[in-house]
């Protein structure tokens, strides 16, 4: 069962990874808007068809205009998907209308949301969810001028529950935030249920949990808030335990809104509080890196070395997201995730590596970046880190460029004098493609190599697997004691899926699948 789930997760992740997060989220939100538009003809959602069309048009025009003007002023590339995502989220949490004054309020919310990306930002990374900022500004203004309208979260309706869950699951799968948002949902539903039960009892009404709990799921904003807003990577901290803390905070506040004067800390304000907690945990992860040099490591692998211009912290095995602004980006956009090759001890030098071969706009742009050019890193994330207890035997399985996080980990262990029982299974198309051999050999761990041809000059700790292709059976053969090892696998989703029957026998499994670019 575990191997089936691992294989399914890896293959779906690879499929979703073919497009950028921006394009994926926008496509799903636009599809949800179309579904809501169709349902509005049958009266299954609150807004009417024309209200949806007019409100969305205003939101898109204002968000796109503010973003375009701000990015031109700051010399940044305009990301139309970002503007449209903000507009569509606001569509579902504000009250669509045809009233002129209320449309002015919606336009104000759109201005505030888009402006917050640049005014409430730290080192190129916005601190708060833009849509939540816009909705909160409108709520505050509505206290003085009620005609401007306020939030309604009309998306929380049974008619939209199924598409919200389906589309939200795709987002969470792609961002690997299913566990985080599941915790948020569980806490929010439980807290909201307790609150409702107490309110019923105080009013002398009968309590029917069979009615209350489904309503908390299908008729509340929790599903949409978790899937499309809480899951935003830029407003989450780097480690999973930190993300779970943020999810718990938002879940409690969303489930039991605390009154603060004329408003409460429910829903979008709960998310803003969570964003503030996340910022406090991740304030040092958004930095600027200056390109130092490039080096060709194998016929298809290039290493790029940067220098951090500000204090930069990471744990061996984590990845960064590097932005390379360029004109006419393809579907994957202007940002890519790279496992960090260097160890923390090498700072301020920061190394990443990538495989040549594709013709993506990002790769072409990165190849043209001159030494001395500063590039923004939007953050550092990941829990692909070795276990804290030193006596845990470890299995590392790397395919091609997937070896990069292991190089960081092995370098860190060597430089810190931390000796571990480690076996590295290294898969490459041919011997010439075995990158970082010197660094891996210096770590002194046992290595089993799967290549078509036999690598020359192998040390006694390196073993060639006689040219066979790595599969689940082969992995069990070369690592017979896999049951006592904590397994880490880094490589294409297809390979991780193929190895799942063997990996499930390990003491634990941690995967780092990537779709390539």
When ranked by the protection proxy of mean other Cβ atoms within 10 Å per residue, highest first, what sequence do the peptides 105-117, 384-396 form?
105-117, 384-396
In degrees, nearest 10, the alpha-carbon axis of helix 49-74 is tilted away from the dominant principal axis of the alpha carbons of the chain by 50
The list [x] 38, 26, 23; [y] 45, 26, 20; [z] 46, 39, 20 gives values of semi-axes √(5λ) of the Cα gyration tensor in Å, and only one came from this structure; which label was calculated from it?
[y]
Give me the distance between the Cα centres of the range 285-313 and the range 106-149, rounded to whole Å.
35
Two-site FRET efficiency, residue 288 against residue 370, from Cβ-Cβ distance with R₀ of 22 Å, rounded to 0.05:
0.90
Could you sort 370-379, 318-327 so that the peptide with the highest average Cβ count within 10 Å comes first and the rest follow in order?
318-327, 370-379
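By DSSP, what percent of the beta bridges with both residues in the chain are antiparallel, rounded to the nearest 5?
Working: 32 of 57 bridges.
Around 55 percent antiparallel, to the nearest 5.
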Packing rank of 413-425, 340-352, 449-461, where each peptide gets the mean count of other beta carbons within 10 Å, highest leading
340-352, 413-425, 449-461
Label model pair residue 461, residue 326: point-to-point distance (7 angstrom along the Cα→beta-carbon line) in nm is 3.8
Is the C-alpha gyration tensor of the range 456-517 telling us rounded, prolate or oblate? Criteria: a/c under 1.5 is rounded; beyond that, a/b larger than b/c is prolate, otherwise oblate.
oblate
Distance in Å, no decimals, from the C-alpha centre of the range 24-83 to the one of the range 372-419 is 40
Using alpha carbons only, how many angstrom separate the centre of the range 200-248 from the centre of the range 459-497?
41
Subtracting the Cα-Cα distance from 0.36 nm times the residue separation, let me have the gained length for residue 260 to residue 356 in nm, one decimal.
29.1 nm
With label points built 7 Å along Cα→Cβ from the Cα atoms of residue 476 and residue 390, find their separation and express it in nm.
3.4
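Computed from the coordinates by the stated procedures, all read-outs in this text should not be read as laboratory data. Computed from a prediction, not measured in an experiment: that's the story for all the values here. Ideal geometry is used to build each Cβ from the backbone, glycine not excepted, and the neighbour counts take in all protein chains shown.
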